[in-house]
Each structure stands twice: as structure tokens, then as C-alpha cells.
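Asks: I am attaching a structure below and will ask some questions about it afterwards.
The values are calculated or read from the model by the stated rules, or taken from the named source; none is laboratory data. Fair warning: this is a prediction, and the values are worked out from it, not measured in the lab. Here the Cβ is made from the backbone with ideal geometry for all residues, glycine too, and neighbour counts use every protein chain on show.
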């Protein structure tokens, strides 16, 4: 089977695929325009969040049999359409779990203690102790919107630090150690709200002006899931009128952002979609990609 690696994948696992008999070409800087002309020659492709696989690309690839996304979620792939063309679509949902969960917790701690602002102050040669009275996150309520693999890991870590965890997830009926509530109940109770759900038609803009109005004054928001779940204009308004004390964002509606005004607010901390960017997660992703592609080449599934 001939496979095109379209995004960064650990070399060790590329060699593992080659050793198993796969023909593997690496073009991890390939542009969308180049992909339209190159991909038709391949039966399989490996992508991460950078490469988007939409219907026009699928339509020019009659030989394509499998698309494997290294990471959680399939929103960067028109996966339902791909399936109608007989293409198998897979991902690696567990590989990034711990890394994203740790980033979410780290962001909560940064907001609670204003660590970004304190660091900026020190770098400006200021010793301004009085400006940085923070909060403990122990004793606070964390509201998780989505309790899949990553949400569960965030809950474990938050509980150890003394947080009360409530969650909203319409696809989960019961989960040990977490109180399931309605979305409105979560919005009213939570001191911190962390998002851990895929971007779908139902979840796009699910946190907007109406939802912000139902939150506690001074709530803090973490989004390490997908851009577009939180309406960025509504978030900007909530951050500037005092409803939301701070926001921590790893994902954005457009990546990179087209309008940077949200990122310029002093009460926003952000990163360029690096939730899975740890050595450990990259290794797990590569190992699972190799395992799944080798199995598909042998068994067709």
C-alpha cells in the first residue's frame, strides 16, 4: 500500500511502516494545492490538524482507501462523505489525552494566579507584589462541557486538587465521580468552564452571548477542544464587560486567527493549538498510526 504522510510524524514509526512493507512518502509541508495533484497516486494518507481533507480533494482521489488522522476528532475531514466513497477513516483518540488534559489544568492554574501577567511584569523590571493576589482552585467548581477521554482525565486531575467537578454531556448517562447536570445548571454553578468535545453542527457556537449571560460573574474559560465552539465575538464582549475574568485558548475559529483582537486582551492567555505537542503524545500518536496502517494494509480494516 502506498501512503502519503502529510503532517509531522515521528521517523521511528515511519520506518516501522516501511519495514512492514508499506511504501511511505513524507510530504509534511505539502500545500493544499499540491495535495490535489499528488494525492491521487496514493491509497492511504496520514494527517494531523494542519491538513484538511474536504470533498473536492476526496473526489480527485479514486485510489484512496484509508485516511488516518493522528489525534482526536475528525472535524478536519469530511469523514461521512469519505465513507460514502468506500474510504475508511480512522483516528488515534487516546494518544493525546494526557497532554491535552495537562494543558487545560495548567491553564487554570495560570489564570488563578495571573502567572502570565506576573511574568510580563517581572520582565519589565517591576517588583509589583500587590497586583497579583490570586485564588486557589481548590474548593472551586469546574464545569466540563464534554466528558469523553480528555474530559475524564481533566476531571481526575481537578478532583485531586480539591475541585468539585460537574459536567454536561448529552451522550453520557452516568459517570463515576462526576455529577452530570444540564448545560444551564453548569453555566450557573461553575467557577471554571473547560471544553472537551468535538466540533459538530450541534456544538458550533454553542457557547455564545446567551450562555455567557447565564454564567457567574468572574468565571474563567478554557478551550483546548476546537475553535468555533465558543463564539469569539461573544467571548470578547464577555471578557471586556467583566462577565468573564479570564480565558485560556489553545484553539481558534480560524487557525492562525484572522482577527487578533481577542488575543490582545490582557485577560487572555493563548497558545497555537499545541494541546498534543508533547514528546510523549507525539510518540503515542506515531505508534498508533503505524499500528493501524499496518493492520489495514494486511486486513483491509
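Asks: Hey, does segment 255-264 have a residue that's closer than 22 Å to residue 93 by Cα, in the same structural domain as residue 139 (by TED's automatic domain parsing) and at pLDDT below 95?
Replies: Yes; the residues of segment 255-264 include at least one that is closer than 22 Å to residue 93 by Cα, in the same structural domain as residue 139 (by TED's automatic domain parsing) and at pLDDT below 95.
Asks: Taking segment 195-223 only, how many residues are assigned to a loop (DSSP other than H, G, I, E, B), under 20 Å from residue 150 (Cα atoms) and in contact with a strand residue (DSSP E or B) (Cβ under 7 Å, 6 or more places away or on another chain)? It would help to see each step written out before you state the result.
Replies: Narrowing segment 195-223 to residues assigned to a loop (DSSP other than H, G, I, E, B): 196-206, 208, 214-218.
Still in the running and under 20 Å from residue 150 (Cα atoms): 196-200, 202-204, 206.
Restricting the remaining residues to those that are in contact with a strand residue (DSSP E or B) (Cβ under 7 Å, 6 or more places away or on another chain) gives 196-197.
So the answer is 2.
Asks: Count, please, the residues in segment 138-194 that happen to be in contact (Cβ under 8 Å) with a residue 12 or more places away in the chain and either outside the structural domain of residue 244 (by TED's automatic domain parsing) or assigned to a loop (DSSP other than H, G, I, E, B) (or both).
Replies: Residues meeting the conditions: 18.
Asks: Also, quick follow-up: Could you figure out which of (1) modelled with pLDDT of 95 or more; (2) closer than 27 Å to residue 229 by Cβ; (3) not assigned by TED's automatic domain parsing to the domain that holds residue 250 isn't true of residue 103?
Replies: Every condition holds for residue 103 apart from (3).
Asks: Which number in (1) surrounded by fewer than 18 Cβ atoms within 10 Å (Cβ to Cβ); (2) touching a helix residue (DSSP H, G or I) at 6+ places or on another chain (Cβ under 9 Å); (3) not in a helix (DSSP H, G or I) marks the one condition that residue 118 misses?
Replies: The one condition residue 118 does not meet is (3).
Asks: Could I ask something else about it? One residue is enough: does segment 22-29 have a residue meeting the conditions crowded, with 18+ Cβ neighbours inside 10 Å and touching a residue at least 60 places away in the same chain (Cβ under 8 Å)?
Replies: Yes - at least one qualifying residue is present in segment 22-29.
Asks: I would also like to ask the following. Against the condition within 26 Å of the chain's Cα centre (by Cα) and in the same structural domain as residue 67 (by TED's automatic domain parsing), how does residue 44 come out, does it pass? It would help to see each step written out before you state the result.
Replies: Values: within 26 Å of the chain's Cα centre (by Cα): yes; in the same structural domain as residue 67 (by TED's automatic domain parsing): yes.
Judged against the criteria, residue 44 is a match.
Asks: Let me ask something else. I need the full set of residues from segment 244-270 which are crowded, with 19+ Cβ neighbours inside 10 Å, without any contact (Cβ under 8 Å) to a residue 40 or more places away in the chain and in a loop (DSSP other than H, G, I, E, B), in order please.
Replies: Once the filter is applied, which keeps residues that are crowded, with 19+ Cβ neighbours inside 10 Å, without any contact (Cβ under 8 Å) to a residue 40 or more places away in the chain and in a loop (DSSP other than H, G, I, E, B), segment 244-270 yields 251, 252, 253.
Asks: OK, next. Answer yes or no: is there a residue in segment 41-48 that is closer than 30 Å to residue 179 by Cα, loosely packed, with under 13 Cβ neighbours inside 10 Å and without any contact (Cβ under 8 Å) to a residue 60 or more places away in the chain.
Replies: Checked against the condition, which is being closer than 30 Å to residue 179 by Cα, loosely packed, with under 13 Cβ neighbours inside 10 Å and without any contact (Cβ under 8 Å) to a residue 60 or more places away in the chain, segment 41-48 yields no hits at all.
Asks: Just one of 239, 235, 293 is closer than 19 Å to residue 144 by Cβ and assigned to a helix (DSSP H, G or I); which is it?
Replies: Result of the check over 239, 235, 293: 235.
Asks: Could you list, in sequence order, all residues of segment 68-110 that are buried (at least 22 other Cβ atoms within 10 Å of the Cβ), out of contact with any strand residue (DSSP E or B) (no Cβ under 9 Å at 6 or more places or on another chain) and not in a helix (DSSP H, G or I)?
Replies: 95, 96
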